[in-house]
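Chemist: The structure's right below; bear with me while I get my questions together.
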Amino acid sequence: MTLENLSSRDKFWFHPVLALRYGTTSSQMCSVLEGIRNLLEENRQLETASARVRFLRVGPASFDVEVSAYVLARDWSQFLEIQESLLLRIVDCIELSGVQFALPQQTIVTAASASNAATAEAVRHVDTTEKKPSNTVTAA
């Protein structure tokens, strides 16, 4: 087992995965990717050779964008400050592109009795606006 001392580091890994709505168009996705890449290239607090922005996958509930770079910081507290600033600027970039973050969708259906059978049936037939797969959890 290896123990890592965070206080002796001079760089920290910044690695968010952004979940964007299925309604995101190809041109919007390109705009988001380019905007975040430019943001990382311009930031002097990052190790620019390590900066990456990739459309990672079409996930079950979102288009996923992976962002990674090493943040040059003297300690954990400074890293958190830089990370906060980066995340806020990434959110601005996404909003300026007209894209929204995906929200996880979940349907909970309780055990149907005679009195709530119609409600349970209605829940099964709800049409979502995003036309994406949903998770169904059944409680007994």
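Chemist: Looking at Val71, Val67, Val53, can you tell me which residue is free of Cβ contacts under 8 Å to residues at least 24 places away in the same chain, within 18 Å of Glu84 (Cα to Cα) and surrounded by 12 or more Cβ atoms within 10 Å (Cβ to Cβ)? Can you show your working first?
Modeler: On the way: Val71 fails: free of Cβ contacts under 8 Å to residues at least 24 places away in the same chain; Val67 fails: free of Cβ contacts under 8 Å to residues at least 24 places away in the same chain.
Testing whether each residue is free of Cβ contacts under 8 Å to residues at least 24 places away in the same chain, within 18 Å of Glu84 (Cα to Cα) and surrounded by 12 or more Cβ atoms within 10 Å (Cβ to Cβ) leaves just Val53.
Chemist: Now for a separate question. For the range 17-32, how many residues meet the condition of being within 13 Å of the chain's Cα centre (by Cα) and either buried (at least 18 other Cβ atoms within 10 Å of the Cβ) or of a type in the set (A, V, I, L, M, F, W, C) (or both)? Show your work before the answer.
Modeler: Taking the range 17-32 and keeping what is within 13 Å of the chain's Cα centre (by Cα), we get 17-22, 32.
Now narrow it down to the ones that are either buried (at least 18 other Cβ atoms within 10 Å of the Cβ) or of a type in the set (A, V, I, L, M, F, W, C) (or both): 17-20, 32.
Number satisfying all stated conditions: 5.
Chemist: Among the numbered conditions (1) modelled with pLDDT of 75 or more; (2) over 30 Å from Arg9 (Cβ atoms), tell me where Glu42 comes up short.
Modeler: Among (1) modelled with pLDDT of 75 or more; (2) over 30 Å from Arg9 (Cβ atoms), Glu42 violates only (2).
The values are calculated or read from the model by the stated rules, or taken from the named source; none is laboratory data. From a predicted model like this one, the values you see are computed outputs, not experimental measurements. For neighbour counting, all protein chains shown are included, and Cβ atoms are generated from backbone atoms with ideal geometry for every residue, glycine included.
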